[in-house]
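Below: one structure, written as structure tokens.
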Amino acid sequence: MSTMKVCVLFRPLNPKELSEFGDAVSVQGINSESFIVKDEKEQEFDFTFDRVFYQGSELADIYEFLALPIVQGALDSINGTIITYGQTGAGKTYSMEGPSIVDCESKKKGLLQRVVDGLFEAITNSEKPGKYTIKLSMVEIYMEKVRDLFDLSKDNIQIKESKVHGIVLNGATEVAISNSAEALQSLSSGIANRAVGETQMNMSSSRSHCLYIFTVHQDLTKDKRTKFGKLILVDLAGSEKVEKTGAEGKILEEAKTINQSLTALGKVINAVTSSTPGKPTHIPYRDSKLTRILQDALGGCSQTALLCCCSPSPSNSSESLSTLRFGARAKHVKASVHVSCKEDLDNTKDATVYTYVDESRERILAKLRERMTADDVQLLEKLFVLEGIFFDPNSIDEIEAAYEDVTSRTISSLHKAVEELSTGVEKMSRENVALKASLKVSEEFYQHQLERRSLCFIL
């Protein structure tokens, strides 16, 4: 079983960093996979990744190592995801889009343009039977709402889970693209609608997470099948420290939401990599829109690559270390990819099936029955239906994840009820204390009156 491919990119020093620290850097390269980073106290930390791209690296090299295998996989009906991660101003969007999505010299093209070119070049050179078509969607997650960048009237797209396509964005605009130029024009119009703002660290800071979604269909007329692969590029908004960005007002609220979703992403990575094989573990995918959309990519149902973008400057060493630790953790995410296809079984009705590499449906169901009774399995299925959760019956991992999700929500409800009860008990306890105090005062007053009467009687 493979793991997530994780690479690191150290961008060139920017003018602000050069003016403050000159050409000093906190990174010492060892080789193409390992390096040492110094923190603000000059303490050294060693890191090793699949590949390290130092200052001056070419985007073409990053594409060939990180993205090209995923592009080829999409044409073979294997889903793939490429994510850029790092602090604000670390070079994520530049790595993804280059200096300009349309008017850009070949050498400076970003990952996005190269993926587009790679898809159409692979289709042109393909000797496989059938007709290929590509559809493009583009959305952003802004203030925890999913917005369609091709149709701004769709500003709260719902996230659904399908047995066939996994996580889907219900109603998101899909644009058919037939060549690279057409694709780049569509992408340019979507990028123009993306939320951006100015901070002290970035003149054009992304205020949202942006997803570029390519769906590649291969129609096999002779076999009456349609195979499809989904390729998602994710340009994450950067983590921010308010004291450095100087964020205020709306920009500050955006920063809070961005940081919260990135925290949720970190929690999912920790849960995925900390789980014990064979033991159900709750993965909090539903804690944010970002982690919910990336559930397939983070849960091992996709070829996933992560590009950790960092500043080499000593002024950003703490943020760079945080990014690198996230990447080191993500390297342990395991992937078990599968081929997706839709077969026409009777010429009138499409039956959708998944072909998995390791196990058939009956084998999975047999394993489930080893863990629980038949009645329990049936009850679990009914519970999923009642909860509105869709799961793939061919995947024991998805069933367990859904089961754990329901369990988690049930436990959360119980916790809430207990908290409310505790609040009620605390209120009653406070009232009892006040009552006891009042009673004590009354008893003391009564005793005082008795003493006065006794004194008067004696006199």
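For the stretch 134-141, backbone phi angles converted through the Karplus equation (6.51, -1.76, 1.60; θ = phi - 60°) give residue-by-residue couplings of 10, 10, 10, 10, 8, 9, 10, 9 Hz, Gly and Pro being listed as x.
Note on the stretch 29-74: with neighbouring protein chains present and a 1.4 Å probe, carbon and sulfur make up 42 percent of its accessible heavy-atom surface.
Once backbone amide H atoms are built at 1.01 Å from N, residue 144 has no partners under 5 Å, excluding neighbours fewer than 5 places away on the same chain. Taking 0.36 nm per residue of sequence separation and removing the Cα-Cα distance, the residue 143/residue 72 pair yields an extension gain of 22.2 nm. For the residue pairs 145/244; 41/334; 163/224; 135/222; 154/334, the alpha carbons lie more than 29 Å apart in 41/334; 154/334.
With Cα atoms defining each centre, the stretch 235-255 and the stretch 1-58 are spaced 23 Å apart in the structure. Take 101-109, 266-274, 303-311 and order them by the average number of nearby Cβ atoms within 10 Å per residue, most first; the result is 303-311, 266-274, 101-109.
Treating each Cα of the stretch 254-324 as an identical point scatterer and summing with the Debye formula, the log10 of I(q)/I(0) at q = 0.11, 0.27 Å⁻¹ comes to -0.34, -1.25. The listed peptides 257-265, 53-61, 39-47, ordered by packing as a protection proxy, come out as 257-265, 53-61, 39-47 (highest mean of other Cβ atoms within 10 Å first).
The values are calculated or read from the model by the stated rules, or taken from the named source; none is laboratory data. All values reported here derive from a predicted model rather than from experimental measurement. Neighbour counts are summed over all protein chains in view; Cβ atoms, including those assigned to glycine, are modelled from backbone coordinates with ideal geometry. Surface areas here come from the heavy atoms of the whole protein model, side chains and all, with no ligands, DNA or RNA. Shrake-Rupley method; radii C 1.70, N 1.55, O 1.52, S 1.80 Å.
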